[in-house]
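Notes to accompany the following structure.
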Amino acid sequence: MEREASISGAQRFARIKSVHISGVSYATIGEAGREWLSGIASKIRFKVTATTNPAGMDLISWRDMGIPEGFARGQIEIVDSLIEMGALPTFTCTPYLSGNLPAYGESVCWGESSAVAFINSVIGARSNREGATKTIVAAATGYTPLYGKHLDENRVPDLAVYPESLENLLHYYLLAYHIGLHYPDSVPIYNVKRASLAELKALAAAGAASGSIEMYHIPGITPNKLSDAAKSIQVTKRDLLSLREELSSFDGGTDLVVLGCPHLSLQEIKGLSDLMNGRKAIVKFWIFTARAFMPLIERLKWKIERFGARIWYDTCMVVSPLEELGIKRVTTNSAKAAKYLSSLRGLEVELLDIKEIIERYSAPE
Ligand SMILES: C[C@@](O)(CCOP(=O)(O)O)CC(=O)O
Ligand code: SF4
């Protein structure tokens, strides 16, 4: 940890109350990661709340997903090692909705770039975008080096963004993705009139996926101190639509629709069940969310199941080995998923808003 502090230029450490560990999927960390975790599992005990990012499969229904036995064995060993050290089995990228909610001003050490940007921006907690190893060291020591987004001077807005129009959730993803591409290290002010939980999540996820945006402000909505930004830009609807084209490599004829990047909130699942009501899927639909919501979804899911969609827990479309399940073309509404599905999983991607997806890939009952 001392060496880590000197690399990042930190002079001091912050005492932390929580970590969020990414790098849980066997598809991402492989044999090397599995071995490393099993080697340290009996030697390390976590001192603070430690939640976990999605794993490479639904930890209960993995056989239904078509996950090979060998993959499942490796994944279960990773999960066991993390739990032995004291991690909480949340397996979600929205841990702030599943029991790990930092307070305003609190320093934490979190992985998962979308969650880091969400808690910095929406809650006013403080974290840098950390790698898995560092979050494990922080969990074992209870400290993290104090630099970057832990410090006031790095949380000051430097770019005022004026979108021409935001008509649906996809536009929020595209707006932040556009800013992350062109201003990857900025602290933007998004001048938007409203932002639901889903929209706040989309802004957090997309700006960190195309760039390294760890924090944004929204006047009247996010709690951090605002000041005038040095630079100001307009983002037109045309900018958003041409970005959608760039992120899409096909148009119609998908193998699989994947929704839930980041993991869907309860409100989004409710909204989806209403959109699906009275319709039937004509392709495979997979939905990803946190295991913690499972009992609550019991009463909502009949509409989703009748539609023909499947809900998976503990995992997501990016960290499960979709390409090994014979899938080649996927459709999503998340710009972050679009990027990682093509770059990490090597899949063809179609990016559409949720209503367009339902219209294109389902029919009235
Ligand atoms: C792409 C991502 O959301 C999930 C995959 O990362 P990991 O395997 O959990 O480290 C991680 C991130 O954006 O920080
Ligand atoms: S759903 Fe998206 S944000 Fe969540 S872990 Fe998967 S890639 Fe990351």
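The values are calculated or read from the model by the stated rules, or taken from the named source; none is laboratory data. Owing to the predicted nature of the structure, the values given are computational and were not obtained by experimental measurement. As a convention, Cβ positions derive from the backbone with ideal geometry for all residues, glycine included, and neighbour counts pool all protein chains shown. Accessible surface is based on the protein model in full, side chains and every heavy atom, while ligands, DNA and RNA are left aside. Shrake-Rupley method; radii C 1.70, N 1.55, O 1.52, S 1.80 Å.
Just one of (1) in contact (Cβ under 8 Å) with a residue 60 or more places away in the chain; (2) under 16 Å from Ser61 (Cα atoms) fails for Arg329. It is (2). Ile213 meets the conditions (1) part of a loop (DSSP other than H, G, I, E, B); (2) touching a His at 6+ places or on another chain (Cβ under 9 Å); (3) within 16 Å of ligand 1 (Cβ to nearest atom) in every case but one. The failed one is (2).
Against the definition (assigned to a helix (DSSP H, G or I), among the aliphatic types (A, V, I, L, M) and open to solvent by less than 20 Å² (accessible area, probe 1.4 Å)), how does Ile78 come out, yes or no? In short, yes. Selection of first residues in the stretch 235-260 that are free of Cβ contacts under 8 Å to residues at least 60 places away in the same chain and in a helix (DSSP H, G or I) and of second residues that are of a type in the set (Val, Ile, Thr) and open to solvent by 20 Å² or more (accessible area, probe 1.4 Å), restricted to Cβ pairs under 7 Å at least 6 apart or on distinct chains, gives an empty result. With the structure loaded, tell me whether Asn154 is farther than 30 Å from Gln11 by Cβ and touching a residue at least 12 places away in the same chain (Cβ under 8 Å) or whether it fails that test. Answer is no for this residue. The helices (runs of 4 or more DSSP H) falling completely within the stretch 96-186 that include 2 or more residues that are over 19 Å from Gly86 (Cβ atoms) map to 113-118, 169-182. None of Val137, Val122, Val116, Val108 is open to solvent by 10 Å² or more (accessible area, probe 1.4 Å), within 22 Å of Pro262 (Cα to Cα) and β-branched (Val, Ile, Thr) except Val122. Within the stretch 57-66, the residues that satisfy the criterion of being part of a loop (DSSP other than H, G, I, E, B) and within 16 Å of ligand 2 (Cβ to nearest atom) are Met57, Asp58, Leu59. Taken over the stretch 290-315, residues that are in a helix (DSSP H, G or I) and within 16 Å of ligand 2 (Cβ to nearest atom) amount to 3. In this entry, Val318 passes the filter for residues that are open to solvent by 10 Å² or more (accessible area, probe 1.4 Å) and within 16 Å of ligand 2 (Cβ to nearest atom).
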